[in-house]
1. Given segment 4-79, what helices (runs of 4 or more DSSP H) lie entirely inside it while holding 1 or more residues that are of a type in the set (Ser, Thr, Tyr) and surrounded by 23 or more Cβ atoms within 10 Å (Cβ to Cβ)?
2. Does any residue in segment 150-168 that is more than 22 Å from Met70 (Cα to Cα) come within less than 7 Å, Cβ to Cβ, of a residue that is open to solvent by 50 Å² or more (accessible area, probe 1.4 Å) six or more places away or on a different chain, and which pairs are these?
3. List the residue pairs whose Cβ atoms are under 8 Å apart, where the first residue sits in segment 92-118 and is farther than 23 Å from Met16 by Cα, the second is open to solvent by less than 40 Å² (accessible area, probe 1.4 Å) and of a type in the set (A, V, I, L, M, F, W, C), and the two are 6 or more positions apart or on different chains.
4. Quick check on my filter: what residues within segment 16-39 are among the small types (Gly, Ala, Ser) and touching a Pro at 6+ places or on another chain (Cβ under 6 Å)?
5. Restricting to segment 168-182, what's the tally of residues that are farther than 16 Å from Ala149 by Cα, open to solvent by 50 Å² or more (accessible area, probe 1.4 Å) and in contact with a helix residue (DSSP H, G or I) (Cβ under 7 Å, 6 or more places away or on another chain)?
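The values are calculated or read from the model by the stated rules, or taken from the named source; none is laboratory data. Note that the coordinates shown come from a computational prediction; the quantities given were computed from them, not determined experimentally. Every residue, glycine as well, gets a Cβ built from its backbone with ideal geometry; the counts of neighbours run over all protein chains shown. Please note that ligands, DNA and RNA were not included when accessible areas were found on the heavy atoms of the full protein model with its side chains. Shrake-Rupley method; radii C 1.70, N 1.55, O 1.52, S 1.80 Å.
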Amino acid sequence: MADPILYSFRRCPYAMRARLALAASRTRYALREVRLANKPAALLAASPKGTVPVLQTAAGTVIDESLAIMRWALAACDPEGWLARDDAALIAANDGMFKHHLDRYKYPDRHGSDPGAHRAEGLRFLRDLEARLTGADQLGGASRGLTDAAILPFVRQFAAVDRPWFAAQSLARLQAWLAHHLASDLFAGIMQRAIPWSPDAPPSGGPG
């Protein structure tokens, strides 16, 4: 049976978290790295909305939401018990309020926004995460889980906008949490560079 196909973009936080779950679940898949400015016809045929990630299963089912991809992969194989640490409410706050302010902090010209105001609002969410890490190494408890993987790429993106500012904040637990995940073999594995896919390109296997 053919491996599932994942359409992805290396730096997209949604695609990152999908790849993290696929790697943690040891799912084999064919990676198709795409150029977002030149989306392949095969991606648009699978999911007309044209966003990544998109997973096409071996049975032909298309899953085009990152959290759904994560839960699909982990439902099949979850060696670390990630699904037991799935805080849907915290992830929803990340994907909603925090992502809203992150975009307007990182891309003020695109949104016509005041980056300082949106950075301050984003910081409120980071402080909630800092409090969550009091007495626990991970957002869902003692061990990493789906919640950590789902939120990690967005905190990484926020921190990267102004690294000195982020480092100066009173977020010692969150900063240590972020550094730990970014230094992990799991994260390094899903961030390997891939040549953009084309129909004539040789197959590229994902971690699994």
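1. Output list reads 66-76.
2. Val161/Lys106
3. Filtered contacts from segment 92-118: His118/Leu102.
4. Taking segment 16-39 first, the residues among the small types (Gly, Ala, Ser) are 18, 21, 23-25, 30, 37.
Across segment 16-39, the qualifying residues are Ala18, Ala23, Ala30.
5. From segment 168-182, those farther than 16 Å from Ala149 by Cα are 168-173; that's our starting set.
Pick out the ones that are also open to solvent by 50 Å² or more (accessible area, probe 1.4 Å) and you get 168, 170, 172-173.
So of that shortlist, the ones also in contact with a helix residue (DSSP H, G or I) (Cβ under 7 Å, 6 or more places away or on another chain) come out as 173.
Summing the residues that are farther than 16 Å from Ala149 by Cα, open to solvent by 50 Å² or more (accessible area, probe 1.4 Å) and in contact with a helix residue (DSSP H, G or I) (Cβ under 7 Å, 6 or more places away or on another chain) in segment 168-182 gives 1.
For every residue, the table says whether it meets (1) under 18 Å from Ser198 (Cβ atoms); (2) touching a helix residue (DSSP H, G or I) at 6+ places or on another chain (Cβ under 9 Å); (3) at pLDDT below 95.
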site	(1), (2), (3)
Asn38	yes, no, yes
Val52	yes, yes, no
Val62	no, yes, no
Leu67	no, yes, no
Pro79	no, yes, no
Ala93	no, yes, no
Lys99	no, yes, no
Arg104	no, yes, no
